[in-house]
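Asks: A single structure is presented below for examination.
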Amino acid sequence: MPYIALATLVVDDYDKALAFYTRALGFELIEDTERGDGSRWVVVRPRGVGGGPGGSASAVGLLLARAKNDAERASIGVQTGGRVGFFLHTEDFARDHARMRAAGVRFLEEPRHEPYGSVAVFEDLYGNRWDLIQPA
């Protein structure tokens, strides 16, 4: 059965993006390979998901792609037009919300408790909007 393995996120700098996603969000680095042309294949994903190299349906990761031209640079932080474009699920909302805030993640609202779960919108270092959500 086909599944989505990666989603591309355009960034301005590989190392700055890696620091944010691995330190502030707690993601793990899956791959960081030089491509020979100055670019890199950099993949991160939330810790504890997915399987081996072939991945699995739960192994969706982010390909951090450094912008190569003006059009790509213009898309940094607005890849979804200002809407929430990424949904980070957690099994312990309070723990992860507190850890992320302590790491400097900017939340745009106080946590909400909705029928579908606990949720708060935050921005990554580029302004892309994410939901931190613990499903009900």
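Asks: Under the rule of at least 5 residues apart or a separate chain, name every residue whose amide H is placed under 5 Å from the amide H of residue 28.
Replies: 45, 47
Asks: Residue by residue through segment 110-120, which ³J(HN,Hα) values in whole Hz follow from phi under the Karplus form 6.51 cos²θ - 1.76 cosθ + 1.60 (θ = phi - 60°), with glycine and proline marked x?
Replies: 6, x, 10, 10, 9, x, 8, x, 8, 8, 8
Asks: Sticking with this structure for a sec: Using a 7 Å offset from the Cα along the Cα-to-Cβ direction at both residue 89 and residue 5, what is the distance between the two label points in nm, to one decimal?
Replies: 2.1
Asks: Within the chain, what whole-number % of the accessible surface is contributed by carbon and sulfur, with the 1.4 Å probe and all protein chains included in the calculation?
Replies: On the way: 4050 of 7810 Å².
Carbon with sulfur: 52 percent of the solvent-accessible area.
Asks: Roughly how many nanometres apart are two label points built 7 Å out from the Cα toward the Cβ at residue 16 and residue 101?
Replies: Distance between label points: 2.7 nm.
Asks: Cβ neighbours within 10 Å, averaged per peptide: list 113-124, 28-39 in order, most packed at the top.
Replies: Values: 113-124: 15.1, 28-39: 11.3.
The densest-packed peptide leads the list: 113-124, 28-39.
Asks: Compute the FRET efficiency between residue 80 and residue 34 as 1/(1 + (r/R0)^6), taking r as their Cβ-Cβ distance and R0 = 30 Å, and round to the nearest 0.05.
Replies: Numbers: r = 29 Å, r/R0 = 0.97.
Given R0 = 30 Å and the Cβ-Cβ separation, E is 0.55.
Asks: For the chain, what does -39500 (n - 2.57) per DSSP helix run (n ≥ 4), summed and divided by total residues, give at 222 nm, in deg cm²/dmol to the nearest 500?
Replies: Values: 3 runs with 22 residues, N = 136.
Roughly -4000 deg cm²/dmol at 222 nm, from the helical runs in the chain.
Asks: Follow-up question, since we're still on this one. Residue 121: net charge of surrounding residues, Cβ under 11 Å, Lys/Arg +1, Asp/Glu -1, itself excluded?
Replies: On the way: positive: 83, 106, 112, 129; negative: 109, 110, 123, 131.
Taking every other residue near residue 121 into account, the sum is 0.
Asks: I would also like to ask the following. Return one whole number: the accessible area per residue of the chain in Å², for a 1.4 Å probe. Mind showing how you got there, number by number?
Replies: Working: 7810 Å² over 136 residues.
Accessible surface, normalised per residue, equals 57 Å².
Asks: Sequence gap at least 6, Cα distance under 8 Å: using those rules, report the relative contact order of the chain to the nearest whole percent. Don't jump to the answer; show the numbers that get you there.
Replies: Details: 242 pairs, mean separation 32.0, N = 136.
Relative contact order for the chain comes out at 24 percent.
The values are calculated or read from the model by the stated rules, or taken from the named source; none is laboratory data. As the structure is a computational prediction, the values presented were derived from the model and not from experiment. Cβ sites come from the backbone with ideal geometry, for glycine too, and all protein chains shown count toward neighbours. Quick note on the areas: whole protein, heavy atoms, side chains included, nothing else; ligands and nucleic acids left out. Shrake-Rupley method; radii C 1.70, N 1.55, O 1.52, S 1.80 Å.
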